[in-house]
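Derivation of every value follows stated rules applied to the coordinates shown; laboratory data play no part. Everything quoted here is computed from the prediction, not taken from an experiment. As a convention, Cβ positions derive from the backbone with ideal geometry for all residues, glycine included, and neighbour counts pool all protein chains shown.
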Amino acid sequence: MKNVTIINHPLISHKVALMRDINTNTKQFRELVEEVTTLITYEAFKDLPTVPVTVTTPLETTEQQMIAENSIAIVPILRAGLGMVNGVHTLFPTAKVGHIGMYRDEETCIPQEYYCKLPQGIENKVVVVLDPMLATGGSAIAAVDMLKARGVKNIKCMHIIAAPEGIAKLHEAHPDVQIYCATCDRCLNEHSYILPGLGDAGDRLFGTK
Ligand code: PRP
Ligand code: URA
């Protein structure tokens with residue numbers, strides 16, 4: 001599927017396996033989310049434009065390529081997306097952060113929006129939406145809708161675990177958006193949880209259950 005990348009890498013498989021384990025504690029889980037996010041970020045920004053710069057080495061002056069200042073913004077979907085922010089900041093330390101607050105209604109699984117604060121000038125940046133779980137796709141679709149309504153044109157969605165159903169829905173709703181997932185799982189269960197998955201990412205990150 002065009003614009004959908006499932007990253008196959010032994011380092012990512014190893015860390016995702018540890019994340020899934022019911023015996024992995026909150027501290028370990030948080031660290032793994034950050035590490036896996038940094039690894040996905042490396043892959044997801046392969047196409048980032050660069051600008052020519054002149055650098056003086058101890059021996060001569062040379063023309064090199066660098067990423068333009070302020071070219072990307074990060075938008076985690078609360079709560080669980082927050083756990084991925086540091087993972088992107090490791091590689092893009094000055095990236096501005098917007099927040100979109102959303103939770104799934106327990107009965108219908110339809111996302112309910114409760115917060116949106118985006119950085120000024122976000123429409124001119126490459127924006128990466130963060131959420132470790134892409135289940136039905138409802139939350140990611142709603143977040144991309146909100147960003148497009150603000151004029152953002154270049155959007156990437158970054159997830160750690162995705163269900164095939166969620167990837168298909170997000171891609172159908174927003175075929176222009178580049179989707180990056182560490183892994184694609186088997187299916188959703190009757191409560192729209194991902195199988196085998198890792199449970200509730202927000203609860204595992206913040207120790208709420
Ligand atoms: C989880 C997860 C995603 C959403 C994915 O959040 O972090 O945001 O579910 O499901 P979807 O693809 O079916 O929309 P949740 O609603 O549990 O909120 P929380 O992060 O505040 O716990
Ligand atoms: N949200 C989660 O945190 N986990 C799932 O499996 C599905 C949605």
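Dimensions of the chain based on its C-alpha atoms, expressed as ranges along the principal axes with the largest first, amount to 63, 38, 32 Å.
Run the numbers on the chain and let me know its relative contact order in percent, using alpha-carbon pairs under 8 Å that are six or more apart. Could the numbers behind the result be given before it?
Details: 394 pairs, mean separation 48.4, N = 209.
Relative contact order comes out at 23 percent.
Would you work out the relative contact order for the range 4-107, in percent, from Cα pairs under 8 angstrom that are 6 or more residues apart? Rounded, it is 24 percent for the range 4-107.
The modelled label-to-label distance for the pair Phe206/Glu60, using points 7 Å beyond Cα in the direction of Cβ, is 5.6 nm.
Restricting to DSSP H runs of at least four residues, report the calculated mean residue ellipticity at 222 nm for the chain, -39500 (n - 2.57) per run over all residues, nearest 500 deg cm²/dmol. Show your work: numbers first, answer last.
On the way: 6 runs with 66 residues, N = 209.
So the calculated ellipticity at 222 nm is -9500 deg cm²/dmol.
Could you give the length gained on full extension between Tyr42 and Thr94, defined as 0.36 nm per residue of separation minus the Cα-Cα distance, in nm? So the extension gain works out to 17.1 nm.
The label point for Asn124 and the one for Asn23, both projected 7 Å from the Cα toward the Cβ, are 5.3 nm apart.
The lysines whose alpha-carbon is closer than 29 Å to the alpha-carbon of Lys96, local same-chain residues fewer than 8 away aside, are Lys2, Lys15, Lys27, Lys46, Lys117, Lys125, Lys148, Lys153, Lys156, Lys169.
Here the simple spin-label model places points 7 Å from the Cα toward Cβ, and for Ile6 and Glu172 these points are separated by 1.8 nm.
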